[in-house]
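**Q** Could you have a look at this structure, given as structure tokens, before my questions?
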Amino acid sequence: MVALAAPLAWAEQLDWQKDNKGYFTTYTFEWKDFAGQPQTIKFKTESQTAERAHQTDKSFLLDEALENKYEKAQREARIRSGSGVSVVPYQSRNGNVGYRYSGDTNRARAIIESIERRSNSAMEDYLQQKNYRLKENGRIESDYQSMARDNFLEIRPMARAIQRQTRGMDVRETMNYTLAFLQSIPYETIQPRQGDRGNYIFNSPLTLISDNKGDCDEKSLAFGTIMRILYPNLEMGIVLVPGHAFVAMDIPSEEGDMLLPTDRGNLVVAEPVGPAYIPVGKIHANSQRLLAR
């Protein structure tokens, strides 16, 4: 890893306008780039598209996901119990599914294993609809690839506006232009509603633009989606560290870049979150510490 210099400056958004006129909504963003020069992009999307993004942003309650699993377990238990073996699912205080049984132990355990597989599959289907996935260790995490696919067409007008403004720039210059744009968007973490247990919320890139606010993984996904539109063959991914996210990309490295070693080679990092202006090849010192953990 390469030591970082101090951030160049704090990101500064000069203006943001959202003009909804009938069929289309026009967005105008003004900010200062890394050199302190004012920049502007303007683009429009279908008004219904932005509204759909708000309505379908993928959020769910952990209670709701576990209830979905429990209901599937109950249905499977009714089907599979019989011939001297009875299996009854129940929910513990933390919402996890347990089982009571009577009859032959070996047969009951085999039935429980089958119910558990099928109920986990039902939970995975539910999560997939919400753009999340269930890991083998039971951890629930965002499915960024699915989210990117869902937002690809919707985010294209903004990507094309960036493409027009960066005509003649090389890949790294275009990335730095886009980073400054996203870093200047106000940072805000979405908090769970009062009383919700395990509320997972992720706003789409289009909602990030429509609301003019977002956090690390939303900005990282927006950056990745824009770059994939501009450079379809670019290999990249979102790097998840405790409580934070940034991006790593397969582009030629330059002296001073921080590199992330992977099984595909060394990737160059980038951090779209802000509020510090940080160019391609650098991440904040706090992010370095999280990565080291």
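Since every read-out is calculated from the coordinates, none of them should be taken as a lab result. This structure is a prediction, so every number in the text was calculated from the model and none was measured. Cβ atoms come from the backbone with ideal geometry, glycine included; neighbour counts cover every protein chain shown.
**Q** Net charge near I162: determine it from the other residues with C-beta under 13 Å of the C-beta of I162, scoring Lys and Arg +1 and Asp and Glu -1. Can you show the working numbers first?
**A** On the way: positive: K42, R156, R160, R164, R167, R228; negative: D33, E173.
Spelling it out: positives minus negatives among the neighbours equals +4.
**Q** In the neighborhood of E116, defined by Cβ-to-Cβ distances under 11 Å, what is the net charge if each Lys or Arg adds +1 and each Asp or Glu adds -1?
**A** Taking every other residue near E116 into account, the sum is +3.
**Q** Turning to a different aspect of this structure: Can you give me the distance in nm between label points at K18 and Q48, each placed 7 Å from the Cα along the Cα-to-Cβ direction?
**A** It works out to 2.0 nm between the two label points.
**Q** Compute the distance in nm between two label points, each set 7 Å from the Cα along the Cα-to-Cβ direction, one at S114 and one at N94.
**A** Inter-label distance under the simple model: 2.9 nm.
**Q** Greater than 26 Å separation of Cα atoms is the criterion. Which listed pairs, K69/K219; K69/K213; K44/K282; K72/K213; K21/K42, meet it?
**A** Violating the 26 Å limit, Cα to Cα: K69/K219; K69/K213; K44/K282; K72/K213.
**Q** For L259, what charge total do you get from the other residues with a beta carbon under 13 Å from its beta carbon, if Lys and Arg give +1 and Asp and Glu give -1?
**A** Numbers: positive: R264, K282; negative: D250, E254, E255, D257.
Summing Lys/Arg as +1 and Asp/Glu as -1 gives -2.
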